[in-house]
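Participant: Quick one: this structure, given as structure tokens, is what I'll be asking you about.
What follows draws every value from the coordinates through simple rules; no lab data is involved. All values derive from a computational prediction rather than experimental measurement. A quick note on method: Cβ atoms are made from the backbone with ideal geometry, for glycine too, and the neighbour counts reach across all protein chains shown.
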Amino acid sequence: MRIKPSEITPKQHYLSRREFMQAGTLLGGAALLAACSPNTSDAPPTAELNPAASSQVDELGDSLTSFEGVTNYNNYYEFSLKKEEVAKKAQGFQSSPWDVSVGGLVNKPQVFGLEDLVGMFDQEERIYRLRCVEGWSMVIPWVGFPLKQLLAQVEPTAAAKYVRFETLLDPDQMPGQKNDWFGWPYVEGLRLDEAMNDLTLLATGLYGESLLPQNGAPIRLVVPWKYGFKSIKSIVKIDLVDEMPTSLWMAQAPNEYGFYANVNPEVPHPRWTQSNERRIGELGRRDTLMFNGYAEQVAHLYAGMDLKANY
Ligand SMILES: Nc1nc2c(c(=O)[nH]1)N[C@H]1C(S)=C(S)[C@@H](COP(=O)(O)O)O[C@H]1N2
Ligand SMILES: [Mo]
């Protein structure tokens, strides 16, 4: 029997700052060892390596990506187009105070302070694979709460069919927004039933600590069965709407990026295959799994749909 990720990842509270700093120190040492040992990809991870996660593997037995990897190889075009540069460029980003307004087709529109969201809902750990549309992937121990819990608070009306998400628009803090190559702010969307799926997470942390700016502080979406670009960062606005939202990537290149963006090894990107991927920290490539390995939980959402046409 396959175990659902939600069943193997117990609820967990944030570590103290001190414990986190110790974790960071240990991780630094581990990364150093990995760099000079030829066989590290075969070595079983040990409990000491990543003490801020409840497990060192996901439900498929895949090892967690190191904290170093997760926080230094980032796609966040508001800060930089270079993955290795995002962390530095995002340093000092003001993610507090932070409000998220939730409205549109709901009975109870509300503005939530970040502290409200963290206080209102249990923050649980979810170890998920993240598969970028570019063909690389990671395994990340997120901390957060299911989006459906927040949606229940605002009571979507019967007319609500989709959820639309928006990232902060602040070119002074996000230098990438000063160029007009993209239609800022970053926008993403989900169908309401996708948004209500138990896997769909609003993440406030990873590795047991609050999110760093490069990972979308203070709150970002995580939709593990879809390509990474759906998992929009630094969210300030969530609206329930009746029409399919146009995401930044749909507007940018509609023939390459569709609304659904489900991980699907059988539907190639127009410019490259999606049948395999490079797991960050591993040598070689591995096969990409349908719905990124979450078919059991989400395939029913797309029953009868042509997944090639609805890319
Ligand atoms: N606002 C915003 N959200 C974003 C992006 C972005 O550029 N801007 N990049 C996306 C892409 S392409 C990926 S793969 C993931 C990367 O998340 P990570 O850096 O936390 O691993 O964030 C997604 N969310
Ligand atoms: Mo991505």
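Participant: Using a 10 Å cut-off around each Cβ, can you sort T167, T71, T246 from fewest to most neighbouring Cβ atoms?
Facilitator: T246, T71, T167
Participant: Quick one: which of K148/K233; K82/K161; K83/K233; K108/K226 span more than 26 angstrom between C-alpha atoms?
Facilitator: Beyond 26 Å: K82/K161; K108/K226.
Participant: For region 89-140, what is the relative contact order in percent, using Cα pairs closer than 8 Å and at least 6 residues apart in sequence?
Facilitator: 21
Participant: From the residues L199, V106, A152, which one has its Cα farthest along the dipole of region 76-206 in the positive direction, the dipole being from +1 and -1 charges on Cβ of Lys/Arg and Asp/Glu about the Cα centre?
Facilitator: L199
Participant: Another one. Among D180, D116, rank each residue by its count of other Cβ atoms within 10 Å, from fewest to most, as a rough exposure measure.
Facilitator: Listed from fewest to most nearby Cβ atoms, that is D180, D116.
Participant: In region 151-202, which chymotrypsin sites (Phe, Trp or Tyr not before Pro) fall in coil by DSSP and have 12 or fewer other Cβ atoms within 10 Å?
Facilitator: Those that pass, being in a loop and sparsely packed, are W181.
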